[in-house]
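In what follows, a structure is listed as structure tokens, so that the remarks can point back to it.
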Amino acid sequence: MNSRIPPRSLEPMTQPEQPLSALEQIPAVTVEQLVASLAQALDLAEGRRKGHALRVCYIAASLARELALPRGQRSAVFFAALLHDAGVPRVSESLASIGRMYEHELFAASPLQGPDMLAARAGAGNLTTITEAFHDHCFEGASAIASLGLPPQVAEAVLCHHERHDGGGYPMGLAGSEVPAAARIIAVADYSESLLTADPNPLFARRHLDAGLREQSGRAFHPHVVDAMTAVARRDEFWLGFFDHALINLVSEFGDPDSRPLVAAATLRVTGDFADIVDSKNPYKRGHSRRVASHARALAAALGLDEGHQQAIELASLLHDIGMLRVPSRVIGKPEILTVQEMALLHEHPRESADILRTVPGWEPIADWVAGHHERLDGRGYPEGLGSVEIPLEARILATADIHEALTADRPHRTALNPKEALRVMDGLVGQNLDPYVFDAFREVASLLAEDAEAS
């Protein structure tokens with residue numbers, strides 16, 4: 001961060017009405033724990049039932065064990081199953097023009113419903129748009145995996161998880177042994193999860209799973225993988241895990257047993273790359289989270305917070321909008337006034353983000369900061385309508401950085417303001433949306449950031 005930003009006295013921050021978190025560094029977690037938690041955000045993008053990625057991973061990891069895959073292949077299956085639809089946010093905006101359906105309804109359909117079937121529901125005139133989006137989400141998912149620094153086998157499995165054994169899948173029409181082993185496993189796991197969650201009665205779901213898979217053996221799925229799935233499904237311990245409310249803990253155990261907790265820099269790198277996936281959902285939001293994180297960390301430094309605390313605030317800023325994946329692209333990019341229903345959906349995104357972050361061990365305080373980044377000092381914010389004494393300092397820092405970034409970026413209903421115009425607008429929000437002391441510090445930060453931007 002910019003070393004020219006001077007530290008400030010923390011004395012005003014110790015007043016009771018401006019609570020300061022006891023958390024002063026990022027709690028260390030393994031990459032398996034981190035990805036298992038963040039992958040839940042992709043369920044929002046797909047419109048899937050909460051925990052979809054975790055359940056697919058649990059099934060796929062169980063299959064990998066049943067098939068006695070080598071350790072490296074089991075690891076590839078683990079990450080690819082969690083992130084198999086990482087490309088969905090990147091193609092969602094291309095589906096915003098479909099008036100009859102949101103993209104969530106399309107991606108939440110059964111994995112075996114091809115683009116042509118979905119186009120029939122959305123209107124035949126949308127066939128090309130839907131086909132291109134569904135093919136592209138495989139390529140974009142593989143690209144996203146590569147950006148996260150995961151092994152090439154993970155990207156390969158994500159690219160091919162919609163291919164079919166009989167060659168009738170997409171995006172490349174591979175068949176038989178051309179489909180990578182990890183992709184075959186994820187395809188069966190994804191379909192099995194859709195069958196099991198479609199039936200509200202667990203006993204009926206268990207009974208119907210075998211018949212549903214057998215029908216597709218040799219067609220959509222490799223017979224050997226189907227045989228392995230039916231063997232796994234005969235065991236009571238599999239079902240106890242599948243319906244366990246603490247499934248995320250079970251899933252994390254399928255990862256590398258020798259995995260070590262990430263250092264703070266590595267955690268920030270992974271979360272930054274994941275934030276890019278989230279922001280890719282809408283062209284107006286691309287790069288938003290990284291810019292907010294940069295401004296928030298600089299502001300934390302100006303307020304005199306130590307290095308570890310600055311990193312934790314940067315982390316919260318990177319992930320503050322992961323709950324926005326539930327909001328359809330057509331709503332995010334809407335230039336007109338939102339309807340009451342659309343506004344209610346938008347107002348839930350801080351809670352959605354916080355709920356995901358609370359599943360990361362030790363990250364509960366960070367989740368609280370994220371939950372509060374749209375609260376207001378006057379009590380008129382969302383989602384809880386908290387009063388000033390209830391809003392953490394870190395949430396106030398995040399709110400200030402978030403508002404400034406939004407004002408200085410193009411949006412569907414207006415063009416970007418220049419930095420001076422943005423500060424004038426923000427000055428009018430002090431005492432309502434913005435903390436006076438935090439905004440006073442941000443004036444210095446904003447001027448230095450503006451100077452650096454001009455110099456570059």
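Test residue 125 against the stated conditions and say whether it is more than 18 Å from the chain's Cα centre (by Cα) and either farther than 23 Å from residue 97 by Cβ or of a type in the set (S, T, N, Q) (or both).
Working: more than 18 Å from the chain's Cα centre (by Cα): yes; either farther than 23 Å from residue 97 by Cβ or of a type in the set (S, T, N, Q) (or both): no.
No; evaluated as a whole, the condition is false for this residue.
Is it true that residue 270 is over 30 Å from residue 313 (Cβ atoms) and either out of contact with any Gly (no Cβ under 6 Å at 6 or more places or on another chain) or crowded, with 18+ Cβ neighbours inside 10 Å (or both)? Even if it seems obvious, please write down each step before you answer.
Values: over 30 Å from residue 313 (Cβ atoms): no; either out of contact with any Gly (no Cβ under 6 Å at 6 or more places or on another chain) or crowded, with 18+ Cβ neighbours inside 10 Å (or both): yes.
When the stated conditions are applied, residue 270 does not pass them.
Being out of contact with any Asp or Glu (no Cβ under 7 Å at 6 or more places or on another chain) and in contact (Cβ under 8 Å) with a residue 40 or more places away in the chain is the filter; apply it to segment 225-243 and report the residue that is nearest to residue 184 (Cα to Cα). Step through it out loud before you land on a result.
First, pick out the residues of segment 225-243 that are out of contact with any Asp or Glu (no Cβ under 7 Å at 6 or more places or on another chain): 225-227, 229, 234-243.
Those left that are additionally in contact (Cβ under 8 Å) with a residue 40 or more places away in the chain: 225, 229, 238, 241-243.
Details: 225: 7, 229: 12, 238: 20, 241: 22, 242: 20, 243: 24 Å.
That would be 225.
Would you be able to tell me the number of residues in segment 380-411 that are over 25 Å from residue 283 (Cβ atoms) and either outside any loop (DSSP other than H, G, I, E, B) or among the polar types (S, T, N, Q) (or both)?
Residues that pass the stated criteria total 8.
Could you say whether any residue in segment 160-178 is of a type in the set (Lys, Arg) and more than 30 Å from residue 30 (Cα to Cα)? If you could, list the steps in order and put the result at the bottom.
Residues of segment 160-178 of a type in the set (Lys, Arg): 164.
Next cut, more than 30 Å from residue 30 (Cα to Cα) only: 164.
Yes - at least one qualifying residue is present in segment 160-178.
Within segment 323-339, count every residue that is at pLDDT 95 or above and more than 17 Å from the chain's Cα centre (by Cα).
Qualifying residue count, segment 323-339: 0.
Failed condition for residue 319, given (1) over 24 Å from residue 150 (Cβ atoms); (2) under 14 Å from the mean Cα position of the chain (by Cα), with all others met?
With respect to (1) over 24 Å from residue 150 (Cβ atoms); (2) under 14 Å from the mean Cα position of the chain (by Cα), residue 319 is out only on (1).
Of 145, 130, which residue is assigned by TED's automatic domain parsing to the domain that holds residue 43 and touching a Phe, Trp or Tyr at 6+ places or on another chain (Cβ under 8 Å)?
Values: 130 fails: touching a Phe, Trp or Tyr at 6+ places or on another chain (Cβ under 8 Å).
Result: 145 is the single residue among 145, 130 that is assigned by TED's automatic domain parsing to the domain that holds residue 43 and touching a Phe, Trp or Tyr at 6+ places or on another chain (Cβ under 8 Å).
Looking at segment 154-189 only, could you name the residues that are among the acidic types (Asp, Glu) and either outside the structural domain of residue 132 (by TED's automatic domain parsing) or more than 14 Å from residue 223 (Cα to Cα) (or both)?
Going residue by residue through segment 154-189, those that are among the acidic types (Asp, Glu) are 156, 163, 166, 178.
156, 163, 178, listed by residue number.
Could you check segment 27-89 for helices (runs of 4 or more DSSP H) lying wholly inside it with 3 or more residues that are among the aliphatic types (A, V, I, L, M) and closer than 21 Å to residue 262 by Cα?
Values: elements: 31-38, 40-46, 52-66, 71-82.
So the answer is 31-38, 71-82.
In the set 363, 369, which member is modelled with pLDDT of 95 or more, in contact with a Pro (Cβ under 8 Å, 6 or more places away or on another chain), closer than 24 Å to residue 46 by Cβ and buried (at least 20 other Cβ atoms within 10 Å of the Cβ)? Can you show your working first?
Numbers: 369 fails: closer than 24 Å to residue 46 by Cβ.
Exactly one of 363, 369 is modelled with pLDDT of 95 or more, in contact with a Pro (Cβ under 8 Å, 6 or more places away or on another chain), closer than 24 Å to residue 46 by Cβ and buried (at least 20 other Cβ atoms within 10 Å of the Cβ), namely 363.
Write out, first by first residue and then by second, each pair whose Cβ atoms fall under 8 Å of each other, whose residues are 6+ apart or on separate chains, and whose first residue, in segment 35-60, is surrounded by fewer than 24 Cβ atoms within 10 Å (Cβ to Cβ) while the second is acidic (Asp, Glu) and not in a loop (DSSP other than H, G, I, E, B).
Within 8 Å, the pairs are 47/103; 47/105; 49/43; 50/43; 51/43; 52/43; 52/46; 52/193.
Can you tell me how many residues in segment 199-222 are in a helix (DSSP H, G or I) and exposed (fewer than 14 other Cβ atoms within 10 Å of the Cβ)?
Step one: of segment 199-222, the residues in a helix (DSSP H, G or I) are 202-216.
Checking which are exposed (fewer than 14 other Cβ atoms within 10 Å of the Cβ) leaves us with 202-204, 207, 211, 215.
Summing the residues that are in a helix (DSSP H, G or I) and exposed (fewer than 14 other Cβ atoms within 10 Å of the Cβ) in segment 199-222 gives 6.
Are any residues in segment 128-164 more than 24 Å from the chain's Cα centre (by Cα) and within 26 Å of residue 196 (Cβ to Cβ), and if so, which ones?
163, 164
How do the helices (runs of 4 or more DSSP H) wholly within segment 97-198 filter down when requiring 2 or more residues that are touching a helix residue (DSSP H, G or I) at 6+ places or on another chain (Cβ under 9 Å) and closer than 28 Å to residue 270 by Cα: which remain?
By residue number, 103-107, 127-147, 152-160, 181-198.
Is there a residue being under 26 Å from residue 419 (Cβ atoms) and without any contact (Cβ under 8 Å) to a residue 60 or more places away in the chain anywhere in segment 298-312?
no
The values are calculated or read from the model by the stated rules, or taken from the named source; none is laboratory data. All of these numbers come straight from a predicted model, not from anything done at the bench. Glycine gets a Cβ as well: all are built from the backbone with ideal geometry, and neighbour counts include every protein chain shown.
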